[in-house]
Structures are given as structure tokens and as C-alpha cells.
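The values are calculated or read from the model by the stated rules, or taken from the named source; none is laboratory data. Note that the coordinates shown come from a computational prediction; the quantities given were computed from them, not determined experimentally. Every residue, glycine as well, gets a Cβ built from its backbone with ideal geometry; the counts of neighbours run over all protein chains shown. Just the protein is used for accessible areas: all its heavy atoms, side chains included, with ligands, DNA and RNA removed. Shrake-Rupley method; radii C 1.70, N 1.55, O 1.52, S 1.80 Å.
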Number of protein chains: 2
Amino acid sequence: MDKPAVRPKRTRIQREKRELIGEAALEVFSQHGFRGSTIDQIADAAGMSKPNLLYYFKNKEEIFATLIHRLMETWLAPLREMDAAGDPQTEIRSYIRRKMEMSRDFPRESRLFANEILQGAPRILPLLEGELKELVDEKAAVISAWMREGRLKKSDPHHFIFAIWATTQHYADFDVQVRAVLGGKRSGEGRFEDAARFLEGLFIG
Amino acid sequence: MDKPAVRPKRTRIQREKRELIGEAALEVFSQHGFRGSTIDQIADAAGMSKPNLLYYFKNKEEIFATLIHRLMETWLAPLREMDAAGDPQTEIRSYIRRKMEMSRDFPRESRLFANEILQGAPRILPLLEGELKELVDEKAAVISAWMREGRLKKSDPHHFIFAIWATTQHYADFDVQVRAVLGGKRSGEGRFEDAARFLEGLFIG
DNA sequence: GCAATTTTTGACCGTTTGGACAAACGTTAA
DNA sequence: TTAACGTTTGTCCAAACGGTCAAAAATTGC
């Protein structure tokens, strides 16, 4: 209905600059949230002037929307990879590993996403109710089958998936708290490894 | 050092109005975050004019700080109640229940807290590194003892606690997503009950 | 009833912010 | 050389915002 009829043709510079702005915006937005970030901050982080930035994105909203929509793909990839034909334990373990790696390697993306959901998901609610729900329902069915076959401990598959999301993303979104509680000693980079091992035990063991 | 030397004496009206403002501010802050909220919005929600509100709180920051510090008490209470002398299974189950009830009954508080942590906990970092860390270390030791005695499945007690936080708070903080994924049918109020049962099975079963 | 005190408000101010715009600058190719 | 096109910037504006202030209104204590 209201999709962009034509994909705008972009020059090399436009592609590069939009990419550069996206990176800068991710940095800023993930730290201060949408309302807490200013176009000037993003422009500074991207090393350009505000009007110049607005030459590439028509407004602040569009920068944010572009970012979060691009992010959604990356975000769902690990769940997509879960293979019904594989071994349940291995599949779950891999899923947890991948999600944990994302928390470790892309904490800004995780926080950006968390922020959007916390505010009520104003920009991506349709995606959650559509694409995401479909994917989760599909994978929940897979997990459910595994449970019926006695290859995985029985429980509610939807809440099972929620629990994996919650626990893995916790290490990105609540990182400050995790580090504060673990204290200097154990809050080195090893904490992600420890957490991953713990979660495997929790969800599989 | 820099503590308020004297607790300011407050009239009945001051106590009532500060309470009223707190309630309004919780509503607004939990929806839009600190920077996304305006004093006018809070004043409106409290049914008073902006200057009037600023007669009770010297600025926006003070409203927020008051809220979040008051919240911390409530937030830690359930963990405080965990009793080393009790039965491990019962204690863990009660803890999960209480945390789940808080997500159901005080989602605004949960989101306010999540927001603060996401932004790097600028106002409560000392509390996290002090009071919270001490409490968690203490309870982790209790859990650890239970595990050593073979009364609870062995795992890392700190990550065990994190996992309970993450999963229970998920149902408040990511409520929109949970409801979107569960869809109309199963996203009624029963979802908290379902989740609580699932989590008991996960952490105890 | 009245003076002292507390509470409330309208008007106001300086700053920040998102965004517009036209003019300048740079690049390319006929 | 010059026309065409893409890129960059300085300047500007209106709205939103946090916060002040003096004065009016309400309440309280005697």
C-alpha cells in the first residue's frame, strides 16, 4: 500500500555516508535513547555538519527507523537458523551461544532494541505482530515436537523462547548492573563465557 | 559527607503533593524515559501547574532521583526475604512468585528501573556497587550452600540470580513484545500465571 | 479577625532543539 | 569553458523546554 514505489538510486558517496551516519547514530541512540539524542550529537559523531547529515536523512525519525529496521534482520537470524532436523540439544545450545555472542559483540544493537520495546515499540509493533510472531510460532512448534518426542524436557515452548531471549539479552542490556554485582574480579570478559555455560546448564542440563 | 544535614520538615500538603507528583512522574517517566518526559507532562498528569510542581521539587532531576531511590527499596525486598533457614525449593519458588507478581503489578516501576540501567545507571551506580552487590553476594552464598548440601542443582549462584531477574522482569519490560508474540488468544492476564509456572519448572524442576 | 506563612499561578526568560534554505563548493563531462 | 549535478555549510527560525519570579490566593496559628 504505502511502500516506497521506487528504491531511490544512490551514489557511492550516499551509500558510504548513510552507512557512516548509521554507525554514529547507533552509538548515540543506544546511549541516550531516541529523545535523549540530538541530531547535532550524531552529526558530530559522524564528523559532519547537521545540515549535511539532513541531506542524507530527511529527519531524526528516519535515521532511527532505518537503524531499527535494519537491526531486526540481524536480530532474528539466530532463531531462523534453528533447524528442526538437527539434534534438539545441539540446536538449543547453538542458539544460546549465538544469542550470547550477539550480546557480547553487539551490545549497542541490543540496547537500541530494548529501548524501542520499553517505549512500547511504536515503530516496530507491526513487525512484532507479523514477522516475529510467525517465526516464533514456527520455532515453538518445532520445540514442541521435540518435547513430544521426549527429546527435550517438556515445558511451554513460547515461554522457553522468551526465557532464552531474556537471559541472553540481559547481559547486554543490564551490563552495568551485571558488572557492578560481579565486582571487579569476575566481571572481566570471561563473564559472557560463564554466563553461556550457566545458561546451557539451565536450559539443557 | 554530602548528606542532607537535616531532614526538611514537611507539612501535610507537602507530603500529599509530593506523593501525587511521584505517582504522576512514574507514569510519565516509565513511558518516555527521563529525557523524553517534560515537566509539563508530569504537571498535567498531577493536575497542577508547572511552577506549582517546581515548588515541591527543585527540578526534573530531583523528581527522577527521588522516584528511583524510593523504588530501589521495593525492588530488593523480595530477595531480602529469601531465608537461608527455609527449604531451598520453597524459597526459590517464593522468590520467583514475588518477582513475577511485581512484574504484573508494578510494570511501570520495572520499566523505570530498566531505563535507568540501560542508560548506564548514572544515578544509582553506587547503590548497585554497594548495597545491591552486598545483598546479592550474601544470597549467592546461601544458594551456594544449598547447592553444596545437594539440596539444589549445582550451578553458578550469581548467574542463577541474574537469570531469575532477567526472566521475571522480561514480562514487565518487554510486555509489548510478549503480547505481540503470544497473540490475542493467550496474551490475557493468564500469561503471568503461565510464565510463573514455566519459570518454576525451569529453575527448580 | 488578622497577621504570618504556605501554596498557586501567570508571565516571562534563556537555551536547546529539529529542521529549512539558499548560497557556495566540488566534480564531472561535453 | 561551462553547464549540470551532487555535496557541504552558515545562517536562520519557530517550537519546546527547563526553570525563575513576583504577586495573588489560600491556609494556618493566634
Residues within the range B:161-205 that are under 20 Å from A:N115 (Cα atoms), facing another protein chain (nearest Cβ under 8 Å) and surrounded by fewer than 20 Cβ atoms within 10 Å (Cβ to Cβ), tallied:
1
Read through the list (1) in contact with a helix residue (DSSP H, G or I) (Cβ under 9 Å, 6 or more places away or on another chain); (2) free of Cβ contacts under 8 Å to residues at least 24 places away in the same chain, then give the number of the only condition that B:E62 fails.
(1)
Which of (1) within 16 Å of DNA strand D (Cβ to nearest atom); (2) away from chain B (no Cβ under 14 Å) does A:D87 not meet, given it meets every other one?
(1)
Hey, could you check the range B:102-124 for residues that are open to solvent by 40 Å² or more (accessible area, probe 1.4 Å) and without any contact (Cβ under 8 Å) to a residue 60 or more places away in the chain and say which is farthest from the other protein chains (Cβ to nearest Cβ)?
B:D105
Hey, can you tell me all the residues within the range A:19-38 that are more than 14 Å from chain B (Cβ to nearest Cβ), away from DNA strand D (no atom under 11 Å from the Cβ) and free of Cβ contacts under 8 Å to residues at least 60 places away in the same chain?
A:E19, A:G22, A:E23, A:A24, A:A25
Considering only the range B:39-82, state which residues are farther than 26 Å from B:Q169 by Cα, within 8 Å of DNA strand D (Cβ to nearest atom) and of a type in the set (D, E).
B:D40
Tell me whether the range A:43-63 contains one or more residues that are within 9 Å of DNA strand C (Cβ to nearest atom), within 14 Å of another protein chain (Cβ to nearest Cβ), charged (D, E, K, R) and loosely packed, with under 13 Cβ neighbours inside 10 Å.
yes
Which of (1) of a type in the set (G, A, S); (2) open to solvent by 10 Å² or more (accessible area, probe 1.4 Å); (3) touching a Leu at 6+ places or on another chain (Cβ under 9 Å); (4) more than 15 Å from DNA strand C (Cβ to nearest atom) is the odd one out, the single condition B:A25 does not satisfy?
(2)
Only listed residue being within 14 Å of another protein chain (Cβ to nearest Cβ) and surrounded by fewer than 17 Cβ atoms within 10 Å (Cβ to Cβ), chosen from B:L127, B:L152
B:L127
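Taking helices (runs of 4 or more DSSP H) that fall entirely within the range A:1-115, which contain at least 3 residues that are in contact with an Asp or Glu (Cβ under 8 Å, 6 or more places away or on another chain) and more than 21 Å from B:Q177 (Cα to Cα)? Before you say what the answer is, go through the steps one by one.
Details: elements: A:12-36, A:39-45, A:50-56, A:60-81, A:88-105.
Per the criteria, A:88-105.
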When A:I68 is run through (1) loosely packed, with under 14 Cβ neighbours inside 10 Å; (2) β-branched (V, I, T); (3) touching a Lys or Arg at 6+ places or on another chain (Cβ under 8 Å), the failure sits at (1)
